[in-house]
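Computed from the coordinates by the stated procedures, all read-outs in this text should not be read as laboratory data. Keep in mind that this is a model prediction, so the values were computed, not measured. Cβ sites come from the backbone with ideal geometry, for glycine too, and all protein chains shown count toward neighbours.
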2 protein chains.
Amino acid sequence: MQTDAAPPWTTSVDVLAFDIFGTVVDWHGSIAREMQQLYPQVDGDAFALAWRAGYRPAMARVMSGELGWTLIDDLHRMVLDAILPRFGLEHLDAPARRHLNRVWHRLDPWPEAVAALQRLKQRFILTTLSNGNLGLLTRMAKRAGLPWDCVLSAEVFRAYKPDPATYLGVAKVFELPPARVMLVAAHHDDLAGARACGLRTAYVERPLEFGARQPKDVAPQPGNDLHCRDLAALADRLGC
Amino acid sequence: MQTDAAPPWTTSVDVLAFDIFGTVVDWHGSIAREMQQLYPQVDGDAFALAWRAGYRPAMARVMSGELGWTLIDDLHRMVLDAILPRFGLEHLDAPARRHLNRVWHRLDPWPEAVAALQRLKQRFILTTLSNGNLGLLTRMAKRAGLPWDCVLSAEVFRAYKPDPATYLGVAKVFELPPARVMLVAAHHDDLAGARACGLRTAYVERPLEFGARQPKDVAPQPGNDLHCRDLAALADRLGC
């Protein structure tokens, strides 16, 4: 269903680059569900939030040069090791920690995502643009059926978003001016970084990204080319 | 159809990495056909061979440091510009040269390739490992329907095959020991490079890679784990 006519500039967009964690997959719900199964004595909701909360500070240590270049799998593991005692799980051995850390490869997509991406894929080149590493993104996509045409990551550009090298890197890979690439994300700082580099931007509401106990403000903010409820609405707006 | 039982070590292989030009797609036939359409006065067979013959010397200039890091799209264009006068096409303007250079994004797969890859994808992670750049590989795959799980390239590792950084790079991306990755290629030097890094190797016969006027010796050579007529035979041997 097409709710409005697609804006005329959409015909000049060739590539849609997707943020992943929170935008395409539900990290909070997936981690909370897996914790409920593996360690039902733990508050899975709080555990997921604590794990994710360690993510930006860990990336900041890499970006500042305090840590060398580090894959997100390894940053997730550092944060995991740090939070386990807080949840009474300090006894987990190395294989158990490794298995749990791989939950980031097993995140479930938001319900409409796969079908919407299949629609968008008919007209656009679909690529990931995530701080997640290539192995993580590939295994996640294979399990979840995410139909990427290309898998791009901070790992390729050796910089995390919102470093301009990542947004401009996508345009360069596809030999396109930045305005022919659109970033799709549920996070305004990510979209602002892309916009500053000349990319088109589409905001996707994900009010439950942090769980039902902590709903997110998804009010429209100025500056984005599109504001969509979900990826199905994005496909509608783009006339797919 | 499974002609032999799959060798027992195949159960420990998780990733198949594919050479592309000649192994998965028919560069010679595709270029000769496009030349026949665009410039029927030119010997398309000879033109395709001349273009491809310039490829290794151009990469060697990059690897020696004479040229800085260069995408294959740009190397193809350098070689194209050099050979056009030999074929009476020195009058082609920049848009015509650009269009012709993009023929490398429009190469057709060998007839059995797409269906065989779909079979292999049920059990293995499928990635490209090509000297072709990411944009080229992505657009080729989208047009031809090649169902990659991941697109890896010399561009990611900043080194061309047979540099060990490429083969070991695939193992590292997927956090696997090299023996759990198999390179699939129609070229013995590529396979030898992978083998020296500890990867498994599968040779694929492509007797007509250089066209019907120049059939290739596809006799088995020692050292490869598998020797297959084509990708369907590879899927048979791997029990897919």
Residue B:69 label points, 7 Å along Cα→Cβ, one per copy: pairwise distances from this copy to the rest in nm, shortest first?
-> 0.8
Write down Rg/Rh for the range B:116-204, rounded to two decimals, with Rg from the C-alpha atoms and Rh from the Kirkwood relation over Cα pairs.
-> 0.94
For the range B:175-240 and the range A:149-207, write down the distance between their C-alpha centroids in whole Å.
-> 37 Å
If one builds a Gaussian network model of chain B from Cα atoms under 10 Å apart, the most fluctuating residue listed among B:42, B:181, B:103 is B:42
Inter-copy distances for residue A:114, nm, shortest first, label points 7 Å along Cα→Cβ, are 2.2
Rg to Rh quotient for the protein assembly as shown, alpha carbon positions, Kirkwood Rh | 0.98
Distance from a point 7 Å along Cα→Cβ of residue B:112 to each backbone N in the range B:209-229: keep the residues under 16 Å and list them by number.
-> B:209, B:218-220, B:226-229
Taking R0 as 30 Å, what's the FRET efficiency between residue A:214 and residue A:14 from their Cβ-Cβ distance, rounded to 0.05?
-> 0.25
Taking Rh as the Kirkwood radius computed over C-alpha pairs, what is the Stokes-Einstein D of the range A:28-105 at 25 °C in a medium of viscosity 0.890 mPa s, expressed in µm² per second?
-> 191 µm²/s
Amide N of the range B:79-99 lying under 18 Å from the label point, which is placed 7 angstrom from the Cα of residue B:41 along Cα→Cβ = B:83-94, B:96-97
B:47, A:87 arranged by Cβ crowding within 10 Å, fewest neighbours leading = A:87, B:47
Nearest 5 is fine: what % of DSSP beta bridges in the protein assembly as shown come out antiparallel, could you say?
-> 5 percent
Starting from a label point 7 Å past Cα on the Cβ side, list the distances from residue A:99 to the same position in the other copies, nm, shortest first.
-> 5.9
The computed P(r) of chain A puts the percent of Cα pairs beyond 33 Å at 16 percent
Of A:173, A:132, A:220, whose Cα points farthest to the positive end of the dipole of the range A:130-240 (charges on the beta-carbon: +1 Lys, Arg; -1 Asp, Glu; origin at the Cα centre)?
-> A:132
Given charges at beta-carbon only (K, R positive; D, E negative), |dipole| of chain B in Debye = 320 debye
Could you pull out the pairs from A:142/B:142; A:161/B:161; B:142/B:216 whose alpha carbons sit more than 21 Å apart here?
-> A:161/B:161; B:142/B:216
